[in-house]
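A short write-up of the structure that comes next.
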Amino acid sequence: MRIWSFWFNSFVLSSQYNPPRFVELLMLLLAIAMLAIASILPDIPYLILGLSLVVGASISILVREAIAPSPQTRITQLTASLLLIISLYGFADLMYTL
């Protein structure tokens, strides 16, 4: 029971310390879940929702880094840009197959 208390307290503390980063983390976790479901079930809405969450989180990360750079700005921007490119490619592929 202590381990759940530790994780819950960590989530509460991180949401209070840096709310934008916490929201981005939640968006990326939901995107991973939606894309995992989309790989198991061939339903298009899960794929669209997962890709939309990735686009939103990556744009949010890029804007946050432009406003208030962190110590690892280049790696964060590179990762967010890569996520954005891959998800936009996923949308283009989805539009092509429909």
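Per-residue Karplus couplings for the stretch 82-98, computed as 6.51 cos²θ - 1.76 cosθ + 1.60 with θ equal to phi - 60°, are listed in order as 5, 4, 5, 5, 5, 6, 5, 5, x, 5, 5, 5, 5, 5, 5, 7, 7 Hz, Gly and Pro entered as x. Only DSSP H runs of four or more residues enter the estimate; each adds -39500 (n - 2.57), and after division by the residues of the chain the mean residue ellipticity at 222 nm equals -31000 deg cm²/dmol. Angle, helix 44-67 long axis vs. longest principal axis of the chain, Cα atoms, 0 to 90°, nearest 10? The two axes meet at around 50 degrees.
Normalised by residue count, the chain yields a Cα convex hull volume of 114 Å³ per residue.
Laboratory data are not the source of any read-out in this text; all were calculated from the coordinates shown. As the structure is a computational prediction, the values presented were derived from the model and not from experiment.
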